[in-house]
Structure formats: C-alpha cells, structure tokens
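For reference, the structure is listed below as structure tokens.
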Amino acid sequence: MNRIAEIERKTKETQVFIRLNLDGKGDADIDYPVGFISHMLNTFARHGLFDIEVRAKGDLEVDQHHLVEDTGIVLGECFAKALKDKRGIVRSGSCFFPMDECLARACVDISGRPYLYFDGQLSGSPMISTPDHGTQYDFQTDVIEDFWQGFVSSAGCNLHLEILRGRSDHHKIEALFKAAARALRAACEYDSRAKDIIPSTKGILKGFDTPGVLV
C-alpha cells in the first residue's frame, strides 16, 4: 500500500506545497526561500527515509515565522493523510542523536493527540549567513519551535524534543531534526506482528474514522 500524500496550503501570507512518501529512500526536492530550513528539510528526508517534495513562498518581508510555521503544519497534515487510520504501524519511536558536541533526544507517539514538549536550549541569537550572492540575512532560531508546534498540531502526535547538551545552535537544531526524523521513521514502520491491527486498545473512535484518528 502506497503511503503517499500531497497537500497545498494557500493563505494571504504563504503558499506551501508538500508531497510526502513515507516509504521512500530519503530523496528531497526542495524549493524553499529560507536556506537553513531547506537544509533541515533535506536532513529530515534523508534520516527518515522519507521522499519529500517542497515548494514554498511567503511574506519574508514581514517575518520568517509565518512560512516556517505553515511548513510544519503542511508537513504534519501530509503525515496524517499518508498514515490514514494508522493500521499496522509501530506507533511510537525514539532516538538519541549526537552531533559533535551536541546530543539530542526525540520521542514520538502517533497517538492522534497533539502535544509538543520542546527544550532546544537555543541561545535566541540570530544565525547570520552570507550566501554566494553576498546578501547577508539572519535566521530566527525561535521559529524552530513554531515549526514543530505546527507539525504536531496537524499530524496528531505527541513529540518530545530535547537538547541534552551542546554549544552550537546550528548543531542543536540539526540534531533535533535528525532525531525527530529517525523517531518518526521508527513509529511509521509496519509492525510485522500486528498486521491490520490499529495500535490502540480504543480502536477507531466513533466520529474519528478519518485520517488523524484518535488512538
């Protein structure tokens, strides 16, 4: 069964299209105007073995918040749509991921109940980049929590993201994306001992027999 979803979200602030294949090879085709988030989406695809296509634009003249948060929302919606009623999946997963001086932990339960615990230990200082064309820009690190809040709200999952130690904000954020990808990959895998079983004592709750079902 193909677990593929594509969703486009258009608002007055942003336009985001994402196509997701949960059972991919880690390929990413990203057209994104914020270089650091493009890097994180590539990393997420590779470590989760998700194939992801992203096309996005937004009101960056106002802030990075709108576009980054909406990207998390659409990615979460794709997970919920692709997983359908979650029949046969492992459901939960976790990962410790080291990146040089940094150690990240991610734990996820695809439960249908959205909750985010985020402790990124970020400095709050902008990350300054100067791309090849010579224009300097700042990346607002506080939008990372907004991304994951948008994700859990639309994916319907519990997600705990923590930095246990680290110095570099770049390493902290990247380690969190890698840990989250691997935790989600484990949670989305099929359980060979529970084929065709919804991983819950509740089963499908009345009125929730659609993508995003509570379990």
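Quick look at the values:
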read-out	value
Residue check, residue 35 over 30 Å from residue 167 (Cβ atoms), touching a strand residue (DSSP E or B) at 6+ places or on another chain (Cβ under 7 Å) and not charged (D, E, K, R)	no
Which numbered condition residue 62 fails, given (1) farther than 16 Å from residue 188 by Cβ; (2) part of a loop (DSSP other than H, G, I, E, B); (3) open to solvent by less than 40 Å² (accessible area, probe 1.4 Å)	(3)
Complete set of residues in the stretch 23-42 that are open to solvent by 10 Å² or more (accessible area, probe 1.4 Å) and out of contact with any Asp or Glu (no Cβ under 6 Å at 6 or more places or on another chain)	23, 25, 28, 30, 31, 32, 33, 35, 36, 38, 39, 42
Strands (runs of 3 or more DSSP E) wholly inside the stretch 102-215 containing at least 2 residues that are at pLDDT below 95, over 23 Å from residue 88 (Cα atoms) and open to solvent by 10 Å² or more (accessible area, probe 1.4 Å)	127-129, 137-139
Failed item, numbered, when residue 63 is tested on (1) under 19 Å from residue 30 (Cα atoms); (2) in contact with a helix residue (DSSP H, G or I) (Cβ under 9 Å, 6 or more places away or on another chain); (3) of a type in the set (D, E, K, R)	(1)
Some residue of the stretch 45-56 being touching a residue at least 24 places away in the same chain (Cβ under 8 Å) and part of a loop (DSSP other than H, G, I, E, B)	yes
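The values are calculated or read from the model by the stated rules, or taken from the named source; none is laboratory data. Remember, it's a predicted structure, so these values are computed and weren't measured experimentally. Reconstructed Cβ throughout: ideal geometry from the backbone, glycine too, with neighbour counts over all protein chains shown. The protein model used for the area step is the full one, side chains on, heavy atoms only, and it has no ligands, DNA or RNA in it. Shrake-Rupley method; radii C 1.70, N 1.55, O 1.52, S 1.80 Å.
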